[in-house]
1. Tell me what the chain gives for mean residue ellipticity at 222 nm when only DSSP H runs of n ≥ 4 count, each as -39,500 (n - 2.57), the sum divided by the residue total, rounded to 500 deg cm²/dmol.
2. Shape verdict for the chain, please, from the Cα gyration tensor: rounded (a/c under 1.5), prolate (a/b greater than b/c) or oblate.
3. Using a simple spin-label model with points 7 Å from Cα along the Cα→Cβ vector, what separation in nm is obtained for residue 23 and residue 56?
4. If neighbour count is taken as other Cβ atoms inside 10 Å, put 12, 33, 26 in order from fewest to most.
5. How high is the relative contact order of the chain? Use alpha-carbon pairs under 8 Å, at least six apart in sequence, and give a whole percent.
6. Using a 10 Å cut-off around each Cβ, can you sort 79, 55 from fewest to most neighbouring Cβ atoms?
7. Taking the Cβ of each residue in 31, 41 as the centre, tally the other Cβ atoms inside 10 Å and list the residues starting with the fewest.
Ligand SMILES: [Zn+2]
């Protein structure tokens with residue numbers, strides 16, 4: 001079965017609505033940008049660890065990054081972060 005509405009979790013902020021995986025199965029980055037935290041995969045995370053990018057985003061107040069895409073209704077960065085922290089077990 002092919003899921004047509006697959007979305008992916010941002011490894012930095014936990015945003016669950018990425019349209020393409022940040023990294024494919026062979027580890028190539030998508031160069032997509034997370035609309036939530038603004039991380040560009042393969043660029044920003046080439047020089048900084050995801051945990052560091054996460055801390056930076058938190059220190060800036062966990063703001064929705066994208067100007068082109070509105071945040072989902074009821075968007076909750078704290079809840080989102082809990083999901084990613086649980087997943088990567090930091
Ligand atoms: Zn993100």
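Bear in mind these aren't lab numbers, they're just calculated from the coordinates by the rules spelled out. Just so it is clear, the model here is predicted, and its values are computed rather than measured. A quick note on method: Cβ atoms are made from the backbone with ideal geometry, for glycine too, and the neighbour counts reach across all protein chains shown.
1. Values: 3 runs with 26 residues, N = 90.
One gets -8000 deg cm²/dmol as the mean residue ellipticity at 222 nm.
2. rounded
3. 1.8
4. Values: 12 27, 33 19, 26 5.
By the 10 Å Cβ count, ascending: 26, 33, 12.
5. Details: 108 pairs, mean separation 25.7, N = 90.
So the answer I get is 29 percent.
6. Values: 79 10, 55 13.
The fewest-first ordering by Cβ neighbours comes to 79, 55.
7. Values: 31 11, 41 23.
Result, fewest neighbours first: 31, 41.
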